[in-house]
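Note sheet for the following structure.
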């Protein structure tokens with residue numbers, strides 16, 4: 001896998017590009033859900049095997065479960081997140097704890113299928129087109145280092161977009177501006 005956090009960089013970039021149409025929370029849920037497979041295999045067999053869920057066919061149930069369960073779990077997580085924030089922090093870190101069905105579906109779909117695509121570049125035991133073909137045409141398409149750097153770079157670029165958005169909306173304390181906003185009402189997570 002690149003371990004699950006590396007997968008979050010590309011998702012953060014999609015969130016930065018389409019904030020109202022993509023749930024990063026549900027995307028992250030799908031990342032954790034799909035990686036239960038190699039974690040389970042590792043616990044029970046000693047090897048992190050990417051078998052069923054790490055195929056394009058196997059990603060379908062991950063997508064559907066993430067779309068269905070990721071939304072209420074994500075909304076709960078956002079309520080917990082918001083409760084931990086002080087009023088000052090909530091002005092620029094708070095999120096509306098409502099995830100639209102559309103944003104949840106897009107987050108779940110991109111999460112499940114991008115995970116298989118990214119992992120198929122680096123794992124020799126992954127057969128992304130199974131059961132139809134054992135081929136893994138993207139294996140070693142780029143080096144592991146390049147793949148990890150691309151995932152981190154996507155996350156950094158997303159962070160820069162978010163900082164710029166906060167700055168333009170008068171909500172950034174990171175760049176030294178005074179906090180002026182009322183929070184991100186209406187933005188889905």
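Per-structure values
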| read-out | value |
| --- | --- |
| Label zone at residue 145 (point 7 Å along Cα-to-Cβ), backbone N below 12 Å, the stretch 1-35 | none |
| Footprinting exposure proxy for 120, 136, 100 (fewest neighbouring C-beta atoms within 10 Å first) | 100, 136, 120 |
| The stretch 4-168: relative contact order in percent, alpha carbon pairs under 8 Å with at least 6 residues between | 34 |
| Net lengthening on full extension, residue 56/residue 96 (0.36 nm per residue, minus Cα-Cα) | 11.2 nm |
| Neighbour-count order for 98, 15, fewest beta carbons within 10 angstrom listed first | 98, 15 |
| Nearest-0.05 FRET efficiency for residue 138 and residue 68, computed from C-beta distance (R0 35 Å) | 0.75 |
| Between 0 and 90°, nearest 10: helix 4-17 axis offset from the chain longest Cα axis | 50 |
| Helical contribution to [θ] at 222 nm, DSSP H n ≥ 4, -39,500 (n - 2.57), averaged over the chain, rounded to 500 | -20500 deg cm²/dmol |
| Reciprocal of mean inverse Cα separation for the stretch 4-168 (Kirkwood radius, Å) | 16.7 |
| Near-label residues of the stretch 129-146 by backbone N, under 13 Å of a point 7 Å along Cα→Cβ of residue 41 | 129-130 |
| C-alpha center-to-center spacing [the stretch 1-70, the stretch 76-122] in angstrom | 13 |
| Three-way shape call for the stretch 64-159 based on the alpha-carbon gyration tensor, with the a/c threshold at 1.5 | oblate |
| Fewest-first ranking of 113, 52, using other Cβ atoms within 10 Å as the exposure measure | 52, 113 |
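Throughout, read-outs are computed from the coordinates displayed, never taken from laboratory work. What you are looking at is a predicted structure, and each value in this text was computed from that prediction instead of being measured. All Cβ positions, glycine included, derive from the backbone under ideal geometry; neighbour counts span all protein chains shown.
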